[in-house]
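A quick write-up on the structure given underneath.
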Amino acid sequence: MRNLSKSFVIISVMGIAIAIYDAYEYITEDFRYCSINSRFSCGAVFASGHTSVFGIPFYILGLIWFPLVLLSGLASIKSRGEASGQYLLLLLIVGDIFTIYLWYLELVVIGAICPVCLSLYIVNYILTAVVLASFFV
């Protein structure tokens, strides 16, 4: 397994771990480690009520998303020997586009940023960059 593939797997696992932590916070409503101030606060985002789409909580989407990305990446690595492939890139870009909606909610509608959610967006952006890099290496 090449370095980009190893990076992809490690970063995907980090995304899964953060998504699990995010779910724990929202299920228990314990935001003490994630509320820095009124602007950077998971609790403020949760209290806004803008935490789901079509009745599905965002934390559930994260719990599905990151394992799906990891499995797709592993399938790509197995078939090509590297974390690459148009399907995987398209999947990650869909996730990146969805985060634009989440940014809109946090910055415009709610007026607060969830630091844990922000870290999940960044993980997705990094995974996209790793896959894009695999096309050029």
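What follows is calculated from the coordinates using simple rules that are stated; it is not laboratory data. As the structure is a prediction and not an experimental result, all values here were calculated from the model. Please note: Cβ atoms are built from the backbone with ideal geometry, for glycine as well, and neighbour counts cover all protein chains shown.
A compact table of results
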{"quantity": "Subset of region 97-124 (residues that are in contact with a Ser or Thr (Cβ under 8 Å, 6 or more places away or on another chain) and loosely packed, with under 14 Cβ neighbours inside 10 Å)", "calculated": "109"}
{"quantity": "Enumeration of residues in region 54-71 that are part of a helix (DSSP H, G or I), out of contact with any Gly (no Cβ under 6 Å at 6 or more places or on another chain) and more than 17 Å from residue 109 (Cα to Cα)", "calculated": "59, 60, 61, 62, 63, 64, 65, 67, 68, 69, 70, 71"}
{"quantity": "Lone unmet requirement of (1) touching a helix residue (DSSP H, G or I) at 6+ places or on another chain (Cβ under 7 Å); (2) within 24 Å of residue 13 (Cβ to Cβ) for residue 122", "calculated": "(1)"}
{"quantity": "Filter result (under 20 Å from the mean Cα position of the chain (by Cα) and part of a helix (DSSP H, G or I)) within region 29-53", "calculated": "42, 43, 44, 45, 46"}
